[in-house]
Each structure stands twice: as structure tokens, then as C-alpha cells.
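Visitor: Mind looking over this structure? Questions follow.
The values are calculated or read from the model by the stated rules, or taken from the named source; none is laboratory data. Just so it is clear, the model here is predicted, and its values are computed rather than measured. Cβ sites come from the backbone with ideal geometry, for glycine too, and all protein chains shown count toward neighbours. Note: areas computed on protein heavy atoms with side chains; ligands, DNA, RNA excluded. Shrake-Rupley method; radii C 1.70, N 1.55, O 1.52, S 1.80 Å.
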Amino acid sequence: MERLLPAFTEGVEIGIGTGRFALPLGIRLGIEPSPKMAVRAMEKGLEVIPGTAEEIPLPDESVDFALIVTTICFVDDPRKALREIRRILRPGGWVIVGFVDRDTPLGRYYLEHRNESRFYAPATFFSAKEVAGLLREAGFGELEAVQTLFGERLESMEGGIRPGWGEGAFVVIRGRRIDDPEGQK
């Protein structure tokens, strides 16, 4: 995620959880529906506002960067969530979406075994191509992606970062809020 991190003044993590990703990236504000997770993030000095990705309790155009990591698979309406993120971003603002790519061995494994997991049972897994399409549909362009976690099995996966998607189990896509639909890529 760091590789695609834009310069920002005011950022927010949607689904901040315990703050595991926000803290090292310099994000001090988060939206979180789980009171237990919110308390853990606040104990780390983060500001947490109760809310969901589909109804972000922030004003229009109030931040210049939004992060959503391992959260898109848990939202009820990913289209609405990405439109909400676009709404709170200032013109030209950036979003970064990090997720497990369904079209990789790890993604297929999680999908096949999700009902065995309390954590992944409610998840809807997406392919990188689908997430890119959802971002474009929501009004984001200038998409750029990186991937990591290469291999067939979780216990033997290798790190490293490569551009694009299609090989790495974990994909990060960055998109810029586009106000001119003709400017979308």
C-alpha cells in the first residue's frame, strides 16, 4: 500500500478496525461499525467515528485520501460504498482499495472454505478486474495496481511487490476521483 500512497493532508480509513493499517500510513481518522474494534483503535490514539462504508458520516469533499483494506468483501453494497468514498473525497482525491483477489489460489481457497471461518463466512470475494470495474463505475480513474503474496499455499507464499494483478493473492488498487467522465481511463 505504501508504494501507491499519495501525498495527503487529511486521510480516512474506512473500516479502520484496530488501526493496523492506518497507523503506519499516517492516517489518524477512521470509520468503524464495530464498537470493540473502534475501542482498540482509539486506545492507539486514533479518532474513530461509528459508521459504515455505505453511509460514511463525513461531509462532502472533506478528505483528500481514503483507504479501504480487507473491507470491500464485507460491505453490503460495494457500489454504494465506493460512491460514498468518492463523495467524501475532494476533487482529485485518491482512494486505495486492498483485498484478496478471488482469482488467485488463496482467493479461491478462502472462497471455498469461507463457511468454515467465522471471519470470512459473510464475505463476498471479488476479482481484481471486478474491483477495478467498480472503481471506474463509481467515478475513479487513473487506476494503478500492485500485488503481493505469490504462490499456491498460504504457508509457502512469497512476498515482494509486482505491478498489476493476476499473480499475487493480495492486490492494492489506487484510483483518483475523476470529475470529468471523459478523463477516466
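Visitor: When you scan region 87-104, do you find a residue that is touching a Phe, Trp or Tyr at 6+ places or on another chain (Cβ under 6 Å), at negative phi and free of Cβ contacts under 8 Å to residues at least 60 places away in the same chain, even just one?
Guide: yes
Visitor: Could you please tell me which pairs satisfy a Cβ distance under 7 Å, a separation of 6+ or placement on different chains, a first residue in region 157-180 that is closer than 30 Å to residue 61 by Cα and touching a residue at least 40 places away in the same chain (Cβ under 8 Å), and a second residue that is open to solvent by 30 Å² or more (accessible area, probe 1.4 Å) and of a type in the set (Ser, Thr, Tyr)?
Guide: So the pair list comes out as 170/148.
Visitor: For region 57-100: of the residues being farther than 11 Å from residue 13 by Cα, of a type in the set (A, V, I, L, M) and touching a helix residue (DSSP H, G or I) at 6+ places or on another chain (Cβ under 9 Å), which is surrounded by the most Cβ atoms within 10 Å (Cβ to Cβ)?
Guide: Taking the candidates together, the pick is 82.
Visitor: Out of all the residues in region 114-139, which are assigned to a loop (DSSP other than H, G, I, E, B) and either in contact with a Pro (Cβ under 7 Å, 6 or more places away or on another chain) or of a type in the set (Lys, Arg) (or both)? Can you show your working first?
Guide: Within region 114-139, the first condition is being assigned to a loop (DSSP other than H, G, I, E, B), and the residues that meet it are 117-127, 138-139.
Passing the criteria: only 118.
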